[in-house]
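Note sheet for the following structure.
Read-outs: derived from the displayed coordinates by stated rules, not from any lab. In this text the structure is predicted, and so the values were computed from the model without any measurement. Methodologically, a virtual Cβ is constructed for each residue, glycine included, from the backbone with ideal geometry; neighbour enumeration extends over all protein chains shown.
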Amino acid sequence: MKIALTILCENPLCKTGLTSLFHGLVSHGLRIFQDVSWLIFAGPNQEWNIIDDRVEVVRNFPANDHLGRRLLADHFQVSPAARARGADVLVTVGFVPVRKCLPTAMHVLSLQALDKRNRIGLFREIYRRWMMKYGWPKADLVFVNSHWTANQLQTLSPALHNRLVISYEGLQHEIFNTVALPEEQQQLKDKFGILPGYLLWVSNFYPYKQPEQLIAGYSKLDSETRRLHPLVMAGGDWLEGLDTVKAQVKSLGIEHDVNFLGWIDDCWLAPLYRHAAVFCLASREETFGRCVIEAMACGTPCIVSDIPAMREVTEAHALLVNFHDIEAVGNALKTILTDSVFAAKLRAEGLIRARQFTFEKLATERITAIRCLVSSNCKYSSL
């Protein structure tokens, strides 16, 4: 069986967790399924480091750093090109091609377009809503990363029920673990000017991530606590969200306690997690929240929003808080920073929970479902 996978939706200039997903799915798929080969559609400048006789990489089409041309390629050119190269199925993220020449297995990793507060941009909102209404029902298989996401999709499109596969995200345990290099602390100090014990937030400054709620809660800590435990925020800008929170920090008078690192290379993520006193995820919505299990795997206690996806993914092995209750946020931060027994409990339980997320499991579940689709066009339900 030959699986075509288009990774053009990733922007090579600002990678996200999709890069890990693509590489994890293919690398573990190659090892587990010896009779499966891959056809990868990647942009000319996109990262792809898996070299294998069963992997063919096609770089004829642009990636998401050229959005309009990428959409044209993914919707009208990739599917026929995959069929011409002998692919049996096409795997995508968030869309079904307008020109659909092969059975299509689609990943759904975001539902941001459902909430106008997310300010994803008018064009993106129109496109994604159009795809949800007219494109998604044409998917032959839909991968979702949580039961909560599956429930949302069944509400939006009941016809998808028998085509849904619930498959949790994978984790690169060889990267995200508790084993720190001897020089890590010094490297973090030299690179970012930070010492262990900070509070960590990792994300681009999207509205739904609610960075302003975390900052407001952090400002409730006393000045000495903030001095010992600065807030470190790593991530790129989105529609001037970074400027907004910087202005908020200044207005609260805590600019000396908050460090903005900007967009960082992936190689810094695990070291940042490992030396943080607390990892914070303030999102008002998530379909999974992979950064939380990354932090857990690095032995970092987590404070997360009390939302359905976080309750499901963490299984209460994180401190759940309503980030719209600023006093509660401040109290939660103070609790983890001052109660060493409670922090150690979260750390130990988080490590156990994180071990349950692997790319071996992800690849097995998703490729098994694809094989079933290709071989017998059978019906699907949660794995």
The lysines whose Cα lies under 25 Å from the Cα of K361, excluding any fewer than 8 residues away in the same chain, are K2, K15, K379
Taking θ as phi - 60°, what are the ³J(HN,Hα) couplings along region 64-69 by the Karplus curve (6.51, -1.76, 1.60), each to the nearest whole Hz, with x for Gly and Pro?
-> 7, 6, 10, 4, x, 5
Debye, to nearest 20: dipole size of region 240-308, +1 on Lys, Arg Cβ, -1 on Asp, Glu Cβ = 160
In terms of the ratio Rg/(2.2 N^0.38 Å) built on C-alpha atoms, what value belongs to region 190-348?
-> 0.94
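Quote the charge dipole size of region 184-354 about the Cα centre in Debye, to the nearest 20; the model charges only the Cβ of Lys and Arg (+1) and of Asp and Glu (-1).
Values: 16 positive and 22 negative charges, 68 e Å.
Taking the Cα centre of region 184-354 as origin, the dipole is about 320 debye.
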Share of alpha-carbon pairs per 10 Å distance bin for the chain, given as whole % = 5, 23, 32, 25, 12, 3, 0
Using label points projected 7 Å from each Cα along Cα→Cβ, tell me how many nm separate D339 and C101, to one decimal.
-> 6.0
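So between A247 and R227, what do we pick up on full extension, going 0.36 nm a residue minus the alpha carbon distance? Write down the numbers at each step before the final one.
Working: separation 20, 0.36 × 20 = 7.20 nm, distance 1.96 nm.
Net length gain for the segment: 5.2 nm.
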With all distinct Cα pairs included, what does the Kirkwood hydrodynamic radius of region 285-342 come out to in Å, to one decimal, could you say?
-> 11.8
Here the residues of region 264-302 lying in the modelled label zone of D325, meaning backbone nitrogen under 14 Å from a point 7 Å along Cα-to-Cβ, are none
Given 0.36 nm per residue, what is the gain on full extension from A180 to R311 after removing their alpha carbon distance, in nm?
-> 44.3 nm
Along the Cα-to-C-beta direction of E360, a point sits 7 Å from the Cα; which residues of region 295-331 have their amide N less than 19 Å from that point?
-> 297-298
Ranked from highest to lowest mean number of other Cβ atoms within 10 Å per residue, what is the order of the peptides 231-237, 261-267, 56-62?
-> 231-237, 56-62, 261-267
At 7 Å along the Cα-to-beta-carbon direction for both L239 and A84, put a label point, then send me their distance in nm to one decimal.
-> 3.8
Leading residue at positive end of dipole, region 242-363 (Cβ point charges), from F342, L269, S283 | F342
Average projected area [Cα convex hull, region 1-121], square nanometres | 7.6
F76 versus W130: modelled label distance in nm, points set 7 Å from Cα along the beta carbon direction = 1.2
Hey, got the dipole for region 313-371? About the Cα centre, +1 on K and R Cβ, -1 on D and E Cβ, debye to the nearest 20?
-> 340
